[in-house]
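Student: Sharing a structure here in structure tokens format.
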Amino acid sequence: MTTIKLSFRNIKKSFKDYAIYFFTLILGVAIFYVFNSIESQTVLLDVTESTYEIIDMMTTMLSAASIFVAFILGFLIIYASRFLMKRRNKEFGIYMLLGMSKRKISMVLFFETILIGIISLVVGLGLGVLLSQLMSMLVANMFEADMTKYQFIFSSNACIKTLIYFGIMYAIVMLFNTINVGKCKLIDLIQTNKKSETVKMKNPMLCTIVFIISAIALGYAYYMVTGGINETIKTPEDIFKPIVIGAVSTFFIFWSLSGLILKAVMSMKNLYVKGLNTFTFRQVSSKINTTVFSMTIISLMLFVTICVLSSSLSLKNSMTANLDELAPADIQLEKRVLNENWLDQGYNEEQIKNSKEKGYNVDVDKAIAIGYVHDIGKYDGEIHGHVMKEYNYLKEKGYDEDYYNICLTHSYLNNDIVCTAGGIPDINENPFLTNFIKNHEYTIEEKIINLCDLMCPPGGKVYTIDKRLIDLIIRKGAYTNTQYHVKETYKLKDYFDNLQRLL
Amino acid sequence: MSNILKIDKVEKYYGSKSSLTKALDNLSFEVDKGEFVAIMGASGSGKTTLLNCISTIDKVTSGHIFVGGEDITKLRGNNLNKFRREKLGFIFQDFNLLDTLTAYENISLALSIQNKSAKEIEKKVTDVATKLGIKDVLQKYPYQMSGGQKQRVASARAIITDPQIVLADEPTGALDSKSSRMLLESFDYLNEKLNTTILMVTHDSFCASYASRVIFIKDGKVFNEIIKGNSSRKDFFDKIIDVVTLLGGEENDNY
């Protein structure tokens, strides 16, 4: 029976007994790996740069969180293994009585820890790799990334980190075990079961006083961070005061709680001797007494969890609300005054879309479409009379009236056939056209096309209105109605400017 | 010295400041090689404490204990381990076998700790197992054995290292009468045929009658001592009963 074989046997038996312990270990390893492997999973995601920055921030925070988680897990594992060791006192007593040196017993424990470590790391990492694939899918889904390039990823960086961290933790556990074994006296080990628990009962009077003081202190600490936050928290370092006061007073509350409960209950004599109450109260007090430290830690941890959870939720809500306020439109455009090189590609379409976002009932697609067809009469190069030509053309083709109307309306402002560029038309030449323009109620899509036509010269460029008007004068000449036309043009421009400002 | 064990003016106190108990009060006696000695006494008389001190489970407050000429109260560290490994065999009332090991491995553990070779271990274990009649349970685990078998496995473990003295703390305490008899007969065999020195603590007169000498302890002091001599076991048993009656019969100490 070599030392290793002995360790092996002990582990085999342990599996059934300490299933929960193993489960916790495996889960801890898996979670640690998953958190740290997110970075290499996400680096392959196909997202925009701004999204990538966000993902980067997320991975950094997850790495930091994983350290915290690992820290807590470390405590848990050390505590659990100490508890399990205590259960095996008698076994160690037998070893010692058979003449095994304490060093050899430590070796047995050493091999046990190594075996547990190896098994938990292997299984945990396996589980972690599987979970990380799921996690990467989740992240990709969250950021709407391209999932077609998905492939199985194994993060060796995270793997090494996990191995190192858990290796250190198991080393610490080993250290604790060795120290504990070295401290034990043989008689204590052998008689572990026979010895009854030493119950240290505290002075009830002292407990009451301590409880009252701690309760007040805790209340003050809470007050410091809620109602009185403006008076007490002046500098960032001040936040530590309520934290420390809160933690210490929590500890003392638990410390004095059992004595206080007992005193309170014992004074109610009738209640105390009823049924099993005596036994129950003593048991509860004894439990509270022995677990003061763990209860403090647990309640403080719960406190931290609740705070972090609620503050992160409210932070998220306020950030999204903020974003909504700062960027109400999907697309925003700026107009730079006195800059003739203002070229915003597809201004027409963009502005049309923008109006739609402002809540005006603009049929964006229709506006774009009529924008395209409004000069269709020029298809054979003949400009003169192209207006009626295209009107008839589209009408014959069976288009909706919006589409053939634009052919007529796009050149004339202010419901006046005279209000146009390139000369004064003869109002009697085409009475139909004159009356149509006079009576037609311009839709907002038509007005947009009017405006756009007054910004776009031939050749697909975009000018300021001023430049376009000059361009018209250069190409078509200045006439007596030019001033009228120019004035109406600016009126139309103002109309749209006000539209934007209203909202 | 021809005596294996010598208890020399041993005193033992334990407890805390609030409750101090004197378990052993200036106790002295000797045990020769090859003797089978029983220590009898009522509960609380200090016999288990005495055994704990001899086996180094516990420490004496004052006095000396010599085993094979060596003062074990002065042993520390590795010397102590060596003593426990080589010179001592202990049998508990509740067997204290390791659940994770088979009977064979439990017995061989004592030798493994001495780093003996596997061949030697096998030879010795089968040898002892045959002598104690537990050869067929060697591959079983403790939970699969009866109390009597377990105690015999424990006894095998205790003697396999050829210790100078075997200490037994109420070995039949957890056994029924048939198993007790079998165990005591094994002890008899060990003592007569293998010349093992056995020191047994018991409160049972029947057990004590198997010994060749009985020491009575009351309140941490030696009260009486009777020797079997040439009498039969039954007669020795009667003699023991008489002393026990004396021990328990009178209410006051001065009789």
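The values are calculated or read from the model by the stated rules, or taken from the named source; none is laboratory data. For clarity, every value in this text was computed on a predicted model and none was experimentally measured. Using ideal geometry, Cβ is built from the backbone for each residue, glycine included, and neighbour counts are taken over all protein chains shown. Surface areas here come from the heavy atoms of the whole protein model, side chains and all, with no ligands, DNA or RNA. Shrake-Rupley method; radii C 1.70, N 1.55, O 1.52, S 1.80 Å.
Student: Measure up B:K124/B:K234; A:K397/A:K467; B:K22/B:K74 against 24 Å on the Cα-Cα distance and list the ones that go over.
Tutor: Too far apart for the 24 Å limit: B:K124/B:K234; A:K397/A:K467.
Student: Could you work out how far helix B:233-249 tilts from the main Cα principal axis of chain B, as a 0 to 90 degree angle to the nearest 10?
Tutor: The two axes meet at around 50 degrees.
Student: For a Förster distance of 45 Å, can you work out the FRET efficiency between the beta-carbons of A:L499 and A:I160, rounded to the nearest 0.05?
Tutor: 0.15
Student: For chain B, what is the largest minus smallest coordinate of the Cα atoms on each principal axis, given in angstrom and ordered from greatest to least?
Tutor: Computed over the Cα atoms, the extents are 59, 43, 38 Å.
Student: A follow-up question, please. Amide H neighbours of B:L24 under 5 Å, counting only residues 5+ apart in sequence or on other chains, H built in-plane at 1.01 Å?
Tutor: Sorted by chain and number, the residues that satisfy this are B:K12.
Student: Return the carbon/sulfur percentage of the accessible area of segment A:200-240, one whole number, probe 1.4 Å, all protein chains in place.
Tutor: 74
Student: Also: At 1.4 Å probe size, what's the solvent-accessible area of A:M137? Round to the nearest 10 Å².
Tutor: 80
Student: Hey, what's the Kirkwood Rh for the protein assembly as shown if you take every pair of different alpha carbons, in angstrom?
Tutor: Averaging 1/r across every pair of different Cα atoms and inverting gives 36.2 Å.
Student: Could you work out the mean projected area of the convex hull around the alpha carbons of segment A:396-503, in square nanometres to one decimal?
Tutor: So the Cα hull casts an average projection of 8.0 nm².
Student: Please identify every one of the trypsin sites (Lys or Arg not before Pro) in segment B:61-165 that sits in a loop by DSSP and has no more than 13 other beta carbons within 10 Å of its own beta carbon.
Tutor: B:R76
Student: Can you give the helix-only mean residue ellipticity at 222 nm for the protein assembly as shown, where every DSSP H stretch with n ≥ 4 adds -39500 (n - 2.57) and the sum goes over all residues, rounded to the nearest 500 deg cm²/dmol?
Tutor: Rounded to the nearest 500, it is -20000 deg cm²/dmol.
Student: Looking at segment B:165-255, which GluC sites (Glu not before Pro) are in a loop (DSSP not H, G, I, E or B) and have at most 16 other Cβ atoms within 10 Å?
Tutor: Sparse-neighbourhood loop GluC sites (Glu not before Pro): B:E250, B:E251.
Student: Just to be sure I understand the interface: list residues from segment A:95-143 that lose 40 Å² or more of accessible area between the chain on its own and the complete protein assembly, 1.4 Å probe.
Tutor: A:L97, A:L98, A:G99, A:M100, A:K104
Student: Related question: Helix B:118-132 versus the longest principal axis of chain B: what is the Cα-based angle in degrees, 0 to 90, to the nearest 10?
Tutor: For B:118-132 against chain B, the angle is about 50 degrees.
Student: Next question. Give the long-range amide H neighbours of B:I165: residues separated by 5 or more places, or on another chain, with amide H under 5 Å away, using H modelled in the peptide plane at 1.01 Å from N.
Tutor: B:G89
Student: Next question, about the same structure. Which entries in A:K185/B:K12; B:K59/B:K150; B:K9/B:K82; B:K87/B:K123 show an alpha-carbon gap greater than 22 Å?
Tutor: From the list (A:K185/B:K12; B:K59/B:K150; B:K9/B:K82; B:K87/B:K123), the Cα-Cα distance tops 22 Å for B:K59/B:K150; B:K9/B:K82.
Student: In whole Å, how far is the Cα centre of segment B:34-92 from that of segment B:193-210?
Tutor: 16
Student: Next question. Quick check: from the Cα gyration tensor, does segment B:37-125 come out rounded (a/c under 1.5), prolate or oblate?
Tutor: Cα axes put segment B:37-125 in the oblate bin.
Student: In addition: Provide the per-residue ³J(HN,Hα) series for segment B:136-141, in order, calculated from phi with Karplus coefficients 6.51, -1.76, 1.60 and θ = phi - 60°, each as a whole number of Hz, with x at glycine and proline positions.
Tutor: Going residue by residue, I get 7, 9, 4, 8, 8, 8 Hz, with x marking Gly and Pro.
Student: Among A:V69, A:T51, A:F15, flag the residue with its Cα farthest along the positive direction of the charge dipole of segment A:1-109, charges on Cβ as +1 for Lys/Arg and -1 for Asp/Glu.
Tutor: A:F15
Student: Which loop-located trypsin sites (Lys or Arg not before Pro) does segment A:427-503 contain, where loop means any DSSP state but H, G, I, E or B and the Cβ has at most 15 other Cβ atoms within 10 Å?
Tutor: In loop regions of segment A:427-503 (DSSP not H, G, I, E or B), the sparsely surrounded trypsin sites (Lys or Arg not before Pro) are A:K461.
Student: Another question about this same structure. Could you report the accessible area of A:S286 in Å², rounded to 10, computed with a 1.4 Å probe on the protein chains as they sit in the structure?
Tutor: The accessible area comes out at roughly 30 Å².
Student: Treat each spin label as a single point 7 Å out from the Cα along the C-beta direction, and report the A:L206 to A:S310 distance in nm.
Tutor: With each label point 7 Å from Cα toward Cβ, the separation is 3.6 nm.
Student: Based on the Cβ-Cβ distance from A:T291 to A:A19, what FRET efficiency comes out when R0 is 25 Å, to the nearest 0.05?
Tutor: Efficiency for this residue pair is about 0.60.
Student: Residue by residue, what Karplus-based ³J(HN,Hα) values in Hz, rounded to whole numbers, does segment A:63-69 have, using 6.51, -1.76 and 1.60 with θ = phi - 60° and x for Gly and Pro?
Tutor: Working through the residues one at a time gives 4, 5, 4, 5, 5, 4, 4 Hz.
Student: With a ≥ b ≥ c taken as the square roots of the eigenvalues of the C-alpha gyration tensor of segment A:419-469, please select rounded if a/c is under 1.5 and otherwise prolate if a/b is larger than b/c or oblate if it is not?
Tutor: In terms of gyration-tensor shape, oblate.
Student: Moving on. Under a point spin-label approximation (7 Å from Cα along Cα-to-Cβ), what is the B:K221-A:F83 distance to one decimal in nm?
Tutor: 5.0
Student: Compute accessible area for segment B:98-128 by itself and then with all protein chains, 1.4 Å probe, and report residues whose area falls by 50 Å² or more.
Tutor: With the partner chains in place, segment B:98-128 has these residues losing at least 50 Å²: B:L98, B:T100, B:E105, B:L109, B:I113.
Student: Next up: With a 1.4 Å probe, how much accessible area is buried between chains B and A, both sides summed, in Å² to the nearest hundred?
Tutor: Accessible area lost upon association: around 2200 Å².
Student: At A:F240 and B:S117, where each label point lies 7 Å from the Cα along Cα→Cβ, what is the point-to-point distance in nanometres?
Tutor: 6.7
Student: Work out, in µm²/s and without decimals, the Stokes-Einstein translational diffusion coefficient of segment B:97-162 at 20 °C, 1.002 mPa s, Rh from Kirkwood over C-alpha pairs.
Tutor: In µm²/s, the coefficient is 188.
Student: Right, next: Leaving out ligands, DNA and RNA, what percent of the accessible area of segment A:50-160 is carbon and sulfur, probe 1.4 Å?
Tutor: 73
Student: Ok, one more. When the accessible area of segment B:74-134 is split by element with a 1.4 Å probe, what percent falls to carbon and sulfur?
Tutor: Carbon plus sulfur share of accessible area: 47 percent.
Student: Also, I was wondering about something else. On each of the three principal axes of the Cα atoms of segment A:267-338, give max minus min coordinate, whole Å, ordered largest first.
Tutor: In descending order, the Cα extents are 93, 25, 18 Å.
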